[in-house]
Structure formats: structure tokens, C-alpha cells
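Since the structure comes first, as C-alpha cells, the remarks are kept for the end.
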Amino acid sequence: AGAAGVSATDDAMTLPIDLRRRPWGLVTGVFVFVLAAQGWLVARAGTDVPFQDQWDVEGKWFYPAWVDGTLRAADLFRAHNEHRIVWTHLLNLGLFAANGQWDPLVQMAAGAILRAAGAALLAWWLIRNLAGLRRAGIAVGVALAFLPVLAWHNALWGFQSQVYFCELFSVLALGLLAPAEISWLRRTAGLLAGAAAVLAMGAGAFVPVAWLGILVLRVVEGGQMRRVPWKEVGAAVVLLGFAWALRVEVPEHAGLRAQSVAQFFGTLARVLAWPHVDQPLAAVVLTLPLTLAVGGRILRRRRAVAGEDFAVLLGGWAWAAALGTAWSRGGSDEFAAGVPSRYADFFILLPIANAWWVGALMSEIGERRRVGARWVAVAWVVFLGIGWLGLSAQMARGVVVPRVKDREAPIRLAREFQRTGDARVFEGQPRLLVPHPNAESVRRVLADPRMEGRLPPSLQPERPMGFWSRAVRWLLRR
């Protein structure tokens with residue numbers, strides 16, 4: 001039982017369906033649940049009015065360049081802030097060309113599929129070596145963690161597929177690279193997935209960082225330098241070098257970086273404490289399971305069990321993301337006030353990894369101490385759940401419910417500006433209803449002859465909608 005990563009007690013609590021023989025049932029359930037939940041949010045709160053960067057990147061440059069034939073393959077690799085968003089460009093271009101017009105609502109639907117696929121892949125890597133109630137519990141936990149309320153920003157902004165691509169490719173890479181012994185074919189596939197993550201978003205660079213971390217852990221727990229896996233170390237360094245070569249410095253963002261040690265650690269604590277973002281000390285409790293597990297291996301007080309190296313890599317990736325965020329955004333007003341919703345898709349990975357470790361450590365505890373340990377585990381899960389419910393309620397009250405009640409507000413504002421050309425229609429409006437902080441960016445897109453007949457349906461209601469616009473609205477019952 002120890003080699004399988006579960007205890008005899010876990011095996012005794014098997015559900016009526018033998019989950020060890022049917023892992024795809026749970027994985028499929030996670031995919032369908034996350035897709036349905038995000039589809040509901042898009043249907044009730046999403047609009048086809050582009051938001052912020054979409055006007056500059058897609059409306060002013062990308063689609064017009066495609067229409068007039070000046071878009072080059074190299075343009076797909078052009079930096080967007082600190083990121084390369086190759087897959088987002090390809091997806092958006094494919095949707096634009098197939099649909100015949102720009103429609104952020106179609107992009108949101110595609111994003112929902114990508115996010116559901118990422119959640120399902122994550123569930124697969126986490127539960128494939130588990131059995132019984134623990135397998136079911138982790139799958140349910142992943143599904144609930146990916147409910148879109150906490151990550152509403154990415155769900156309702158068609159441009160954010162970059163986040164979903166990065167998470168999907170990162171999880172794929174970590175799963176392929178997790179085993180201590182891997183074939184050259186699997187290593188190559190993992191490196192390609194890692195490179196794809198780098199080309200999705202800057203956070204993809206954390207894949208080789210996490211991989212190097214676990215390679216060092218294995219050397220330390222083995223206690224013999226001659227057993228350094230040089231092939232894997234070399235491959236990780238090459239991948240890290242690829243990410244470093246693609247890095248982008250944005251001078252305008254220098255002021256967003258942590259300006260002091262206090263800012264850095266304050267932001268780091270809030271990120272690690274997510275979803276208890278207002279209680280930085282909660283980070284100690286929420287990261288304790290992973291700390292105990294890795295610490296036990298370093299001190300050689302426990303051995304790795306099947307499947308745990310992926311959980312270590314997942315936790316390492318999330319820790320690297322937290323450190324990177326604290327450094328690059330620690331001085332911003334957003335993080336001084338809390339943790340922005342658009343980062344939630346990355347930060348949920350750390351609680352998920354730690355929840356996996358709660359079950360893993362429970363299975364290693366002797367029978368005499370198991371009852372007390374179960375109460376501690378329950379308390380940890382309840383503490384996490386309280387934070388998740390509290391933050392979900394806050395996001396629902398402040399953003400989701402008002403948006404559902406008046407979904408058409410952004411459309412009314414955009415069409416009034418389109419009719420009058422008067423930027424004063426945006427004055428005094430909530431920031432999330434204003435399509436762009438610079439009305440001139442919106443004006444230029446609306447007036448561009450290359451975008452005539454290709455604007456989102458709400459901005460050209462007199463024209464017929466493209467096939468995919470009609471199909472998505474039919475599916476969403478809009």
C-alpha cells in the first residue's frame with residue numbers, strides 16, 4: 001500500500017465504483033463541471049465588448065494587419081508587456097478568420113474549454129496513483145477550486161486565454177517530467193510542453209525552476225553527488241535559458257516592483273495565504289503540509305511515494321510564481337489592497353498541492369495517532385474552505401452579482417460612445433464598465449475602415465453575425 005501512495009485504510013473506504021480502474025470517469029467529471037460552471041458565468045455576465053488591452057493589441061494592430069496582409073509570422077512572437085503570448089494570438093486569429101468578425105464572447109467560450117481541460121489534466125496527474133475516497137476527494141477539490149467566481153477576471157475577459165494556455169502546458173510539462181526515471185521520449189515531450197508554456201506567458205519560466213528544485217531535492221535526500229542526474233539538469237538549464245532569452249523588460253513597470261524588503265515579503269505572504277488574502281499569517285498554516293513533506297524527505301525521515309513528485313513540482317511551480325509575483329508586482333496598488341482576481345488561476349495551485357499532501361501525510365501516520373491526525377486534517381480543510389467561501393462571497397457581491405443583474409451596462413456605454421464620440425459618457429462609471437482608460441484607443445478601432453463589418457456583434461447590430469458568434473450565443477442561450 002505504501003508503494004501505491006495509499007494506506008490500507010484508504011483502500012477500505014473504496015466507493016461502489018472501483019476508481020482505480022476508472023480514473024477517466026472522475027477526470028471527465030471535472031472537465032464537464034468546470035466547463036459548465038464557467039459557461040454559466042460567461043452566459044450570465046459576459047459581453048462581446050472588448051476590454052482594455054484588447055483594443056490596443058487586437059483592434060488597433062492584430063486584426064487590421066491580418067486584413068491588409070501586413071501581419072508576419074514573427075509578429076506572433078512580439079512581446080506583450082513581459083510576456084510572449086503566441087498561442088493566444090493563434091487562437092484569436094483562428095477565431096477571427098473562421099468567424100469573419102471579432103467576438104470576445106466566442107473567445108470566452110474557447111477560454112472556458114481551455115480552463116476545463118487544464119483542470120481535468122491537473123486532476124489526472126494528482127489522482128492517477130490514488131484510490132478510494134482520497135481519489136474522489138481530490139477530484140472534487142480540483143473541480144471546486146476551479147469554479148470561476150474567484151477568477152472571474154480571466155473568465156470574463158476574452159484576451160486572457162494566455163493564462164489558460166500557460167497553466168495547461170505547465171501542468172502537462174510537470175506531469176511528464178515528474179518521475180525520477182524517464183525515457184528520452186518523455187523528457188523531450190516534457191521539454192516541448194515547457195517551451196510551449198514559456199510561449200504562452202512569462203509564468204511558463206517557472207517550469208524549469210520547479211524541475212531544477214526537485215532534482216536538487218533528490219540529490220540531497222540521496223546524499224550522493226555522483227548520482228546527480230546530469231541529463232535532466234542540462235535539459236532544465238536549456239529550458240530555463242530559453243525562457244531567459246525571451247524575457248522582456250518593461251521600463252514603465254519598474255514602479256510596480258517591490259520597492260523594499262517589507263513590500264516583497266508582505267506581498268509574498270498575502271499570495272501564499274490565498275484565499276485568506278487579508279490574513280498573511282495564514283500562509284504558515286496553508287503551506288505547512290508541503291513544508292512537512294519536503295522537509296521530511298530532506299531530513300530522510302520519509303520516502304517518496306508514487307505520484308508525490310508531481311505534487312512537489314506543482315507546489316514548487318506555485319512557490320516560484322508567488323516569489324516572482326512578489327518581486328515584479330509587490331509595489332503595485334493592487335497587491336497593497338489584496339490579490340487581483342486575474343492571478344487566482346495560478347495561486348489556486350498551491351492550496352491544491354497542499355490539500356494533496358494533507359491526504360498523503362495522513363496515510364503515513366501510525367494507527368495510534370491517526371484519530372488525532374484526522375482532526376488536524378479536517379481543521380486544515382475547514383480553514384481553507386472558510387477562506388475560499390469568504391473570498392468567493394466577496395467576489396460575488398462586489399463583481400459577479402452586479403454584473404449579472406445588469407450585463408448590458410458595458411454594451412450601453414460602448415454604443416453611446418460609438419454614437420456620440422463623446423468620451424464623457426465614461427466619466428464616473430465603474431472601471432470595469434469602461435472599455436479602455438483611453439477613449440482615443442476605442443475611437444481609432446471603431447473608425448478603422450479595415451474593421452468595418454468585422455467589429456463585435458453588439459457594435460454592428462445591423463450586420464449579420466458570424467457562424468461561431470451565432471453558435472456560441474445558441475449554446476449560451478443568449
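The values are calculated or read from the model by the stated rules, or taken from the named source; none is laboratory data. Remember, predicted model here, so these are calculated numbers, not experimental data. Cβ atoms come from the backbone with ideal geometry, glycine included; neighbour counts cover every protein chain shown. Just the protein is used for accessible areas: all its heavy atoms, side chains included, with ligands, DNA and RNA removed. Shrake-Rupley method; radii C 1.70, N 1.55, O 1.52, S 1.80 Å.
Tabulated data
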{"read-out": "Output for the stretch 170-198, where each listed residue is closer than 15 Å to L215 by Cα and either surrounded by fewer than 16 Cβ atoms within 10 Å (Cβ to Cβ) or charged (D, E, K, R) (or both)", "value": "P179, A180, E181, R187"}
{"read-out": "Residues located in the stretch 301-331, provided they are open to solvent by less than 10 Å² (accessible area, probe 1.4 Å) and over 26 Å from W125 (Cβ atoms)", "value": "A326, G330"}
{"read-out": "Failed criterion for L150 (all others in (1) closer than 14 Å to G118 by Cα; (2) outside any helix (DSSP H, G or I) hold)", "value": "(1)"}
{"read-out": "Qualifying positions in the stretch 38-61 - touching a residue at least 24 places away in the same chain (Cβ under 8 Å), part of a helix (DSSP H, G or I) and under 19 Å from L150 (Cβ atoms)", "value": "Q38, G39, L41, V42, A43, R44, A45"}
{"read-out": "Residue list for the stretch 426-456, filter: polar (S, T, N, Q) and either exposed (fewer than 14 other Cβ atoms within 10 Å of the Cβ) or in a loop (DSSP other than H, G, I, E, B) (or both)", "value": "Q429, N438"}
{"read-out": "Unique residue being under 16 Å from F165 (Cα atoms) and at pLDDT below 95 when the list is H89, H83", "value": "H83"}
{"read-out": "Qualifying positions in the stretch 249-279 - open to solvent by 30 Å² or more (accessible area, probe 1.4 Å) and either touching a Phe, Trp or Tyr at 6+ places or on another chain (Cβ under 6 Å) or within 17 Å of A321 (Cα to Cα) (or both)", "value": "L256, R257, Q263, F264, F265, R270"}
{"read-out": "Sole residue being open to solvent by less than 30 Å² (accessible area, probe 1.4 Å), within 30 Å of S161 (Cβ to Cβ) and assigned to a helix (DSSP H, G or I), chosen from A344, A360", "value": "A344"}
{"read-out": "Considering residues of the stretch 116-138 that are part of a helix (DSSP H, G or I) and open to solvent by 30 Å² or more (accessible area, probe 1.4 Å) only, the residue modelled with the lowest pLDDT", "value": "L133"}
{"read-out": "Among the candidates A304, A321, residue that is hydrophobic (A, V, I, L, M, F, W, C) and assigned to a loop (DSSP other than H, G, I, E, B)", "value": "A304"}
{"read-out": "From R407, R412, residue being in contact (Cβ under 8 Å) with a residue 12 or more places away in the chain and charged (D, E, K, R)", "value": "R407"}
{"read-out": "Scan of the stretch 346-382 for residues that are more than 19 Å from G315 (Cα to Cα) and either modelled with pLDDT of 85 or more or of a type in the set (K, R) (or both), ordered by number", "value": "R368, R369, R370, R374, W375, V376, V378, A379, V382"}
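This table checks each residue for (1) touching a strand residue (DSSP E or B) at 6+ places or on another chain (Cβ under 7 Å); (2) hydrophobic (A, V, I, L, M, F, W, C); (3) surrounded by 18 or more Cβ atoms within 10 Å (Cβ to Cβ).
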{"position": "V382", "(1), (2), (3)": "no, yes, no"}
{"position": "L391", "(1), (2), (3)": "no, yes, yes"}
{"position": "M395", "(1), (2), (3)": "no, yes, yes"}
{"position": "V399", "(1), (2), (3)": "no, yes, yes"}
{"position": "E408", "(1), (2), (3)": "no, no, no"}
{"position": "R424", "(1), (2), (3)": "no, no, no"}
{"position": "S458", "(1), (2), (3)": "no, no, yes"}
{"position": "R470", "(1), (2), (3)": "no, no, no"}
{"position": "R477", "(1), (2), (3)": "no, no, no"}
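Table: residues versus (1) in contact with a helix residue (DSSP H, G or I) (Cβ under 6 Å, 6 or more places away or on another chain); (2) assigned to a helix (DSSP H, G or I); (3) closer than 19 Å to L126 by Cα.
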| position | (1), (2), (3) |
| --- | --- |
| E181 | no, no, yes |
| T188 | no, yes, no |
| A196 | yes, yes, no |
| V207 | yes, yes, yes |
| V219 | no, yes, no |
